[in-house]
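For reference, the structure is listed below as structure tokens.
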Amino acid sequence: MLLLLIVLAGLLGFLGPRERTVRTEGGGYGLEVTHGSVIRSGQPVPLEITVQPPSAFTGPVEIKLDGDVFESFDFQNWYPNPDTETRSEGELSYEFAPPDTGPLTVHLDARVSPGLGLGPESHWVALAVDGVEVARVDFRMWVAP
């Protein structure tokens, strides 16, 4: 019976990949993260981060991610690539050159790690200005069979 429900859910598209966008503001900046809300092992996973400055960026843009995010993803590349990256306990920090105008949008090219267990995955993305976190987005992904 359970197998029949899983097959039926798959046929109706309930187990297919889905995206979700979450937004927050802090320190005058907007932070938006589009992520996979339903993902499958071995499949591409969307992760797009957009930072909207209050007027214009005055220096490098620092984006932080929880340290476990790349345990869930097979990382390929960032677009654009960060200028620097550092890892400290529990987080990864990436610094990007500011765009000439408008927001900074960063895309992560990744796939869901093969063999990632079924169930929820929780992660976060934060924006830091002068080393101080001003905005943070928490998001959840559901790993489907």
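The values are calculated or read from the model by the stated rules, or taken from the named source; none is laboratory data. A quick note: this is a predicted structure, and the numbers were derived from the prediction, not measured. Cβ sites come from the backbone with ideal geometry, for glycine too, and all protein chains shown count toward neighbours.
General observations
- Residues of the range 69-82 satisfying the condition of being exposed (fewer than 15 other Cβ atoms within 10 Å of the Cβ) and modelled with pLDDT of 85 or more: GLN76, ASN77, TYR79, PRO80, ASN81
- Counting only residues that are more than 21 Å from GLN43 (Cα to Cα) and not in a strand (DSSP E or B), the range 102-119 holds 2 of them.
- Any pair with Cβ under 8 angstrom, 6 or more apart, that starts in the range 49-65 at a residue that is closer than 15 Å to GLY131 by Cβ and without any contact (Cβ under 8 Å) to a residue 24 or more places away in the chain and ends at one that is of a type in the set (Ser, Thr, Tyr) and surrounded by fewer than 17 Cβ atoms within 10 Å (Cβ to Cβ): none
- Pair list, Cβ under 7 Å, 6 or more apart: the range 30-45 residue in contact (Cβ under 8 Å) with a residue 12 or more places away in the chain, other residue assigned to a strand (DSSP E or B) and of a type in the set (Phe, Trp, Tyr): VAL33/PHE139; HIS35/PHE139; SER37/TRP142; VAL38/TRP142; VAL45/PHE73
For every residue, the table says whether it meets (1) in contact with a Pro (Cβ under 9 Å, 6 or more places away or on another chain); (2) farther than 18 Å from ALA128 by Cα; (3) not aromatic (Phe, Trp, Tyr).
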site	(1), (2), (3)
GLY27	yes, no, yes
GLY42	yes, yes, yes
ASN81	no, no, yes
GLU85	no, no, yes
SER88	no, no, yes
THR101	no, yes, yes
VAL106	yes, no, yes
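- Residues that are modelled with pLDDT under 70 and either within 23 Å of ASP138 (Cβ to Cβ) or of a type in the set (Lys, Arg) (or both) within the range 1-43 comprise just one, PRO17.
- Filtered residues of the range 47-64 (kept if surrounded by fewer than 19 Cβ atoms within 10 Å (Cβ to Cβ) and farther than 15 Å from TYR29 by Cα): GLU48
- Restricting the range 94-122 to residues that are touching a Lys or Arg at 6+ places or on another chain (Cβ under 8 Å) and farther than 9 Å from GLU62 by Cα, the residue that is modelled with the highest pLDDT is SER122.
- Residue in the range 83-105 that is small (Gly, Ala, Ser), farther than 17 Å from ARG18 by Cα and surrounded by 14 or more Cβ atoms within 10 Å (Cβ to Cβ) present: yes
- Those strands (runs of 3 or more DSSP E) lying entirely in the range 40-101 with at least 1 residues among the hydroxyl-bearing types (Ser, Thr, Tyr): 47-52, 73-79, 84-88, 91-96
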